[in-house]
Every structure is written in C-alpha cells, then in structure tokens.
1. If we scan the range 82-97, do we find a residue that is at pLDDT 95 or above, surrounded by 19 or more Cβ atoms within 10 Å (Cβ to Cβ) and farther than 29 Å from Val156 by Cα?
2. State yes or no: is Ser291 within 24 Å of Ile330 (Cβ to Cβ) and polar (S, T, N, Q)?
3. Restricted to the range 277-291, and to residues that are aliphatic (A, V, I, L, M) and in contact with a helix residue (DSSP H, G or I) (Cβ under 6 Å, 6 or more places away or on another chain), which residue is farthest from Asn343 (Cα to Cα)?
4. Looking at the range 215-232, which of its residues are modelled with pLDDT of 70 or more, of a type outside the set (S, T, N, Q) and part of a loop (DSSP other than H, G, I, E, B)?
5. Six or more apart or on different chains, Cβ atoms under 6 Å: show the pairs whose first residue is in the range 233-254 and assigned by TED's automatic domain parsing to the domain that holds Tyr363 and at pLDDT 65 or above and whose second is among the hydroxyl-bearing types (Ser, Thr, Tyr) and buried (at least 21 other Cβ atoms within 10 Å of the Cβ).
6. Among all residue pairs at least 6 apart or on different chains, which show Cβ distances below 6 Å where the first residue, located in the range 259-271, is closer than 19 Å to Lys364 by Cα and the second is of a type in the set (D, E, K, R)?
7. Kindly indicate whether any position in the range 43-54 is in contact with a Ser or Thr (Cβ under 6 Å, 6 or more places away or on another chain), modelled with pLDDT of 95 or more, buried (at least 19 other Cβ atoms within 10 Å of the Cβ) and farther than 19 Å from Ser291 by Cβ.
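The values are calculated or read from the model by the stated rules, or taken from the named source; none is laboratory data. The structure displayed is predicted, hence computed values, not measured ones. Note that each Cβ is placed from the backbone with ideal geometry, even for glycine, and that neighbours are counted across all protein chains shown.
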Amino acid sequence: MKRIISTYSKIPKKEVYDCRITSLREVLRHYGISTESYSAFILGKGIDFMYGHATPKNTNGISFWVCGATPFSVEEEMAISLKVDIDKYTVENKEALWNKIKNYVDRDIPLISAYDPKALTEIQLGVSSKNSDSILDINFPSAGVIAGYDDEKQSVYFICNDIDKEVGISEYELDDFIFAICKENYLFSPNKTLYEFKFNEENMRKIKDNEERLIKDALIDICDRMLSEYSGSDVEFDDGSKVKCRGVEAIKSLGNDISEFEEYVKQQKEKGKNDLVRKFCSIRAYVLRASLLKGSNTCFRGEFAESLEYISHFLNISELEGFGKQFDEIATEWRDFTRKLSNLIKVENNQDVLLSTLSKKLYKIADLEQEAFVKLRSLLI
C-alpha cells in the first residue's frame, strides 16, 4: 500500500540551490505557514561562517582548514526563530525507522532527515555505494523530507534534489535509504537524525500573526552572529575538533592562517621541497573547498541576497533590496575565491603567489561583510 502525505502530491520548483532550505519550505508549506524558500532561508539563518582546524584520522596528525558557511542545523535554527519545539529521533535500526516512518506518514506529519547526496546519486545510477575513510570522499550532507512509503515494496518516498530546480519525490528501497542517512564519510557525515517540528493550532496562529516580526528578529540574529567575537567552543566537527571562531572574525582568521601558510610554503620551496609543497597545498585546498562548495558556490551569500530582495517587499522595507544587491556583489567575491581555491588544487608552481591572492581576497570579503552587516543591523533595530 502506497501512502503519501497530503500536501506532497506536487512539489513547487526550488527557488534557492539548497536542499535543506527547500526541506524547511516544504514543512512550512505543509502547515500552511509559508509557500516560498526565501523566508525559510532567513528563519533557518542559512548564512553563517565558522572556521576551525580538523585533524581527521589517517592524516599523521596533519590539520586542515575546515569552514561552515551555513549552520550545522538549519532545522534547529528555524525552530528557535519560530519559537516552536523540535523533536529529534536517532535512527537505531531498520525496524524502528520503518515503524517511525509509517507512523508519521499515516498521521500526515513530515519528517526532515539529513542524508549523503553522493550515496543517493550512486544508488539512482545503480553504482555501488559504501562508507569511506578516504580524504578524497568529502561530502557535506544535504537534507530532505520523508513524504511517504510503500508497505508492499518496503520503500520510502523522499523529497530531495541537489542540483536542478525541479524538485520531486524520489522512491528508494528502505535499505538504500537507511544507508544514505547513516553513511559514514571522511569528515562530514549525516547525523542519523529525523526532525519533527511540533506545530499545533496555537503556535501556528502566533506564527502567522507575527511572521514579519519573526523574520526581522531572525535577520537581527544573523547580523549579531556575524559581528560577534565567538569562541565556538560549543560547536564541533565530526572528528571532535572545535570550531575556532565564527562570523566576520572567522573570515579574517582563515585569511591569517592562509597568509601564515604562504610563508611556510616559501620556506619549503627554498629547501627544494617542491613536490611536498604541491601535495600539501593541493590537499589543504581540496578539503577547504569541499567544506565551502554548496548552494551557488558563494558561501550562501547569493541565496542571502535573493532572500533579502524578496522579503524587502514582504516586510515593506525597501532598503533591504539595496542590501540584497550589496550581498550579491559579496557573493561574486566569494565565487571568485572558490574559483581561485580550485586553481590551488591543481597548480604545479607559484603556490605562494596564489595563497597571497587568496588571503587578500578574504580580507576584502571580511571588510565588505563587516560594513554590510553593521548597516543592515542598524536598519533593523
């Protein structure tokens, strides 16, 4: 028997290139709160910047630069913004998960789950997918919505799409689905968790009555987070290492570390260790790029720009449209940074010159973001 949650017979196009935000939109749409992704992006506080050093296994103690351009859990961030509770269910075993899925779908309640996008792509292509401890297999988890199930086939209907704007429901065998949401990767892995937003008649009414205020408050929180000096001690990467810093200061800190690494590279090249330099630069750039390349490859500044331009009309604050254009320019700078970072992976010589260019680009971005977030906060308070 096939069961699909009532509102998911047809899924609207994706407005922003982020599966997690589309998942938030689909939950809000299901409960009749919102029908677009831009407010979901703001409520989920989808823009961030965290920076730290990760020292994964099998690297002989070598640390890597790792960043997060978006919060680890936009689900929990949106729950905070909307002032609703969120329940988290850890996947324990196949039978428990199957019963959980059927129970919630039968009650017309959507659940969000993180998953490994590469695993689902390989499954769709008929390619064998497996857990990986290779540094070359770094995939930042995406998120989708459990939309239904088929009891006879033991399959799950899942709303997910990483690339195309066309969003739909895909069907996966239960074993394949479990593997995708529990897959263990080198540095970033799905958290084996299902999220349920505890909406009810009372809090939905409050949200609808105060939606403008809630979005505005979420925007202020984003500004405060980006402008604060944050130790990051309560946030950690999969290997247990702590986030070093957050916000604009984290962008500067990454720039400082790249500049310091530039001096190390110069010293090693003077010693004739060109092969070591090439390999070290390549792998560090690869890991950093893997932690940043999501969405529109702009550290979600492009998505933030689109969201600001959209909600300027919703909030009737025309100045927000100008900030949208400002962050679109910042997005271009980030795109240029990731492009140059890609060059560092494959370049044979002059790594120190490219590292200098990267650190200077980050200092420029930090100055632009500092100015933009200060002015945006002043407008909103």
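1. No, because not a single residue in the range 82-97 is at pLDDT 95 or above, surrounded by 19 or more Cβ atoms within 10 Å (Cβ to Cβ) and farther than 29 Å from Val156 by Cα.
2. Working: within 24 Å of Ile330 (Cβ to Cβ): yes; polar (S, T, N, Q): yes.
So Ser291 fits the description; yes.
3. Going residue by residue through the range 277-291, those that are aliphatic (A, V, I, L, M) are 277, 283, 285, 287-288, 290.
Then drop every residue that is not in contact with a helix residue (DSSP H, G or I) (Cβ under 6 Å, 6 or more places away or on another chain), which leaves 277, 285.
Values: Val277: 14, Ala285: 9 Å.
Result: Val277.
4. Step one: filter the range 215-232 for residues modelled with pLDDT of 70 or more, giving 215-229.
Next cut, of a type outside the set (S, T, N, Q) only: 215-227, 229.
Glu229 - this is the single residue of the range 215-232 that is modelled with pLDDT of 70 or more, of a type outside the set (S, T, N, Q) and part of a loop (DSSP other than H, G, I, E, B).
5. Qualifying pairs under 6 Å: Lys244/Tyr51; Cys245/Tyr51; Ala250/Tyr51; Ser253/Tyr51; Leu254/Tyr51.
6. Pairs found: Glu262/Asp352.
7. Within the range 43-54, one or more residues are in contact with a Ser or Thr (Cβ under 6 Å, 6 or more places away or on another chain), modelled with pLDDT of 95 or more, buried (at least 19 other Cβ atoms within 10 Å of the Cβ) and farther than 19 Å from Ser291 by Cβ.
Matching residues to (1) within 25 Å of Asp224 (Cα to Cα); (2) part of a helix (DSSP H, G or I); (3) charged (D, E, K, R); (4) within 13 Å of the chain's Cα centre (by Cα):
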| residue | (1), (2), (3), (4) |
| --- | --- |
| Arg20 | yes, yes, yes, yes |
| Ser23 | no, yes, no, yes |
| Ile33 | no, no, no, no |
| Lys45 | yes, no, yes, yes |
